[in-house]
Each structure stands twice: as C-alpha cells, then as structure tokens.
Amino acid sequence: MENNKIENIDFILKQAWTSVLKMYSEKALKYDSTAVQALVLLKIDPKKGTRSTNIGPKMAIEPTSLTRILKVLFDNGFIRKEKIDTDKRAVIIKLTEKGMKFRNISREVVLNFNKDITEKISPEKIEIFKEVMDEITKTANEVYEKMRYK
C-alpha cells in the first residue's frame with residue numbers, strides 16, 4: 001500500500017462508529033427509540049435490574065446524559081425504578097415487559113451484526129483489531145489524564 005497520506009486514526013474510528021450507529025438507529029427508529037436508548041437497555045440486567053450509577057460507566061456516558069436517556073426510557077414505558085431498602089438514595093433500574101421485548105430485539109440486532117462481521121473477517125484479524133483498539137483506548141486515556149493535570 002503505497003500511500004504517503006496517513007489517515008487520522010480518530011477519523012477512521014468515527015467513520016466506523018458512525019456507520020454502526022446509523023445501522024442501529026435505523027432499527028431503533030422502527031420502535032420509536034434511538035440506538036443509544038437500545039444500547040442502554042442492553043446494559044440493564046434482565047433479571048435483577050441494574051443500579052443507575054452502574055450504567056453510565058459501562059457505556060462511557062456522562063451522568064447528565066444518562067439521566068436524560070433514563071427519563072425518556074421511563075416516560076416511554078421501557079423501564080421502571082425501584083428504591084433499595086438499604087440505601088434510599090440508590091435506585092435499581094428494571095425493565096418493563098415493553099423494555100424486555102425491545103432489549104431482546106436490540107440484542108438480536110447486535111448479535112446478528114457480530115455474526116455478519118465474523119463471517120467476513122477472520123478470527124486472526126478480529127484479534128488484531130481488539131489488540132489495536134485496546135492500545136488506542138489505553139493511549140487515549142493516558143493522553144486524557146496528562147491533559148487533565150496540566
């Protein structure tokens with residue numbers, strides 16, 4: 001590959017994620033939802049529920065953004081909130097029947113996409129991709145930490 005122009009890594013990442021998000025969004029739209037809402041539902045334990053404070057870090061979503069997403073999911077009947085007896089400030093997010101149905105649809109979409117990818121890309125290349133993504137994430141976090149403390 002003789003190309004003197006090097007593409008920016010962040011552009012490649014953004015381009016790939018934008019394509020994936022567009023695909024997820026198209027499916028979610030059919031259920032009056034968004035891809036991000038569907039992905040949040042996937043982070044909620046279908047049997048026990050999940051503490052609201054544990055969802056954001058799993059998805060790298062800021063607390064204010066997560067609060068808005070959870071409010072929409074609650075208002076649209078996808079989730080319900082339950083107080084914890086031992087800690088009145090803590091809330092467990094649980095799926096409603098509607099939320100469980102949409103979560104299952106979202107799960108199938110993600111699994112089918114992963115299947116499509118693994119049918120087109122060899123396990124060796126996927127392993128290399130994971131290693132590269134881990135290094136990019138690690139490097140981005142290191143740069144972020146340096147910037148924070150300057």
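Just so it is clear, none of the values below were taken in a lab; they were calculated from the coordinates. In this text the structure is predicted, and so the values were computed from the model without any measurement. Here the Cβ is made from the backbone with ideal geometry for all residues, glycine too, and neighbour counts use every protein chain on show.
Matching residues to (1) of a type in the set (Lys, Arg); (2) out of contact with any helix residue (DSSP H, G or I) (no Cβ under 9 Å at 6 or more places or on another chain); (3) over 18 Å from residue 34 (Cα atoms):
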| site | (1), (2), (3) |
| --- | --- |
| 89 | yes, yes, yes |
| 98 | yes, yes, no |
| 101 | yes, yes, no |
| 105 | no, no, no |
| 110 | no, no, no |
| 113 | no, no, no |
| 118 | no, no, yes |
| 121 | no, no, yes |
| 124 | no, yes, yes |
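Restricting attention to the range 5-48, the residues being part of a helix (DSSP H, G or I), closer than 22 Å to residue 66 by Cβ and among the β-branched types (Val, Ile, Thr) number 4.
Inside the range 71-95, can you point out the residues that are without any contact (Cβ under 8 Å) to a residue 24 or more places away in the chain and surrounded by 13 or more Cβ atoms within 10 Å (Cβ to Cβ)? Once the filter is applied, which keeps residues that are without any contact (Cβ under 8 Å) to a residue 24 or more places away in the chain and surrounded by 13 or more Cβ atoms within 10 Å (Cβ to Cβ), the range 71-95 yields 74, 80.
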